[in-house]
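Since the structure comes first, as structure tokens, the remarks are kept for the end.
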Ligand SMILES: Nc1ncnc2c1ncn2[C@@H]1O[C@H](COP(=O)(O)OP(=O)(O)OP(=O)(O)O)[C@@H](O)[C@H]1O
Ligand SMILES: [Mg+2]
């Protein structure tokens, strides 16, 4: 067993001796462990081969539970969150069917598959079954430990499990015919100006009115609020999509997205941990967006109020940029500075559309003056209204929870412009077509 210590040369085939599918002798009494994982999750390793499961457990520290089959483990589920490492013997369809059932019915279980040979087909099948990540041998111990932590972090301890989740099997969206989807980024140079409120309401309004699918991406990678604002409990985040980017295809990407049940739109939430944002580059985000554009009509991207690699790449990849500004002097000053930066970055002016938020006559700022100062025409004037914080706290955007309010009407109007824009001025049309449409 000396080769087990050298896991860089580790090959699971070494363990495939006829006698290795032994009956288990070291049954654990329960699946609690000494390892401290987020959410208090337990850790278990499953493989028919005792040597393999012991090796995998040894990579994760003391006290990891090991079992020979998923059936053995199933008897111990239901007692709290657990991360399950599936050894290479678990790739057969019967085991993956069990995993698929768990992922539908038990949100407290997160599975990670370790495989001796990673093929696109296997990755596809595993992700569709609800496996959170697939790690190929030879094992990188750090990667295994990181993955286990991330999966534990994503487990939700839910008293009751609403039927939110990825797209149901068979519901995969076909590639779009005609024009690719239109990318609309929601941006501002001032934090708290209402970007996420605008992005979630616009996406919901579009999803309900458009005859083409809509996707919402939380591009605020460190502190994204989209999941909270839509009351989603996502199984996957942008990190899962980016970490598989080289193998990702359209149907796998759809599988990683969460469906917002009230509207049917597809959401790719921000990472659960702010530190995961460092793992994501602008190039990777653009590749994701380009793939999304092949099967959804509108991709809405909620961005943070900073200029960094990811934000600049997303702005460059956008057909339209909604600049959200509150109607006060600091906001307007920041937008003015932001506009100079956007100009230096060579972002075409005709891509920019001003959204005035909390635009209220009582604030004593003249909208016409603001538009003149910014040299931008406002395409929406969203009033200040208590329905907004109420809707945020409820996790139900204003267009759904207060559809008769002035705020909802303004967001519906904004969505209407993009819908009409698609029929009257497709995304690929010249900038002048859009400029005319948006009246700037
Ligand atoms: N029109 C409005 N009327 C009343 N309150 C509003 C309005 N727009 C936004 N708000 C309030 O402001 C808060 C901040 O809005 P939001 O989260 O959309 O800002 P943001 O620009 O996305 O912030 P960040 O820069 O942190 O991402 C919301 O929680 C909401 O309560
Ligand atoms: Mg925000």
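Is one or more of the residues making up the stretch 352-362 exposed (fewer than 14 other Cβ atoms within 10 Å of the Cβ) and within 15 Å of ligand 1 (Cβ to nearest atom)?
Within the stretch 352-362, one or more residues are exposed (fewer than 14 other Cβ atoms within 10 Å of the Cβ) and within 15 Å of ligand 1 (Cβ to nearest atom).
Looking at 315, 354, 365, which is the one that is closer than 21 Å to residue 388 by Cα and either within 16 Å of ligand 2 (Cβ to nearest atom) or not in a helix (DSSP H, G or I) (or both)?
That would be 354, the only listed residue that is closer than 21 Å to residue 388 by Cα and either within 16 Å of ligand 2 (Cβ to nearest atom) or not in a helix (DSSP H, G or I) (or both).
Looking only at the stretch 387-411, which residues are assigned to a helix (DSSP H, G or I) and over 26 Å from the mean Cα position of the chain (by Cα)?
387, 406, 407, 409, 410
Here are 243, 209: which of them is in contact with a helix residue (DSSP H, G or I) (Cβ under 9 Å, 6 or more places away or on another chain), more than 22 Å from residue 131 (Cα to Cα) and more than 16 Å from ligand 1 (Cβ to nearest atom)?
Step by step, each of 243, 209 is checked, and only 209 is in contact with a helix residue (DSSP H, G or I) (Cβ under 9 Å, 6 or more places away or on another chain), more than 22 Å from residue 131 (Cα to Cα) and more than 16 Å from ligand 1 (Cβ to nearest atom).
So is residue 323 touching a helix residue (DSSP H, G or I) at 6+ places or on another chain (Cβ under 9 Å) and either crowded, with 22+ Cβ neighbours inside 10 Å or assigned by TED's automatic domain parsing to the domain that holds residue 385 (or both) or not?
Yes.
If you go through the stretch 215-234, how many residues are in contact with a helix residue (DSSP H, G or I) (Cβ under 7 Å, 6 or more places away or on another chain), at pLDDT below 95 and more than 11 Å from ligand 2 (Cβ to nearest atom)?
Count: 2.
Applying the selection to the stretch 192-207, what residues are in contact with a strand residue (DSSP E or B) (Cβ under 9 Å, 6 or more places away or on another chain) and either assigned to a helix (DSSP H, G or I) or not assigned by TED's automatic domain parsing to the domain that holds residue 303 (or both)?
Residues satisfying the conditions are 195, 196, 197, 198, 199, 200, 201, 202, 203, 204, 206, 207.
Condition check ((1) assigned to a helix (DSSP H, G or I); (2) away from ligand 1 (no atom under 11 Å from the Cβ)) across all residues:
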{"position": "300", "(1), (2)": "no, yes"}
{"position": "341", "(1), (2)": "yes, yes"}
{"position": "373", "(1), (2)": "yes, yes"}
{"position": "380", "(1), (2)": "no, no"}
{"position": "385", "(1), (2)": "no, no"}
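Could you tell me whether residue 414 is in a helix (DSSP H, G or I), modelled with pLDDT of 90 or more and under 24 Å from residue 216 (Cα atoms)?
So residue 414 fits the description; yes.
The values are calculated or read from the model by the stated rules, or taken from the named source; none is laboratory data. Predicted model, so just to flag it, every value in this text is computed and none were measured. Every residue, glycine as well, gets a Cβ built from its backbone with ideal geometry; the counts of neighbours run over all protein chains shown.
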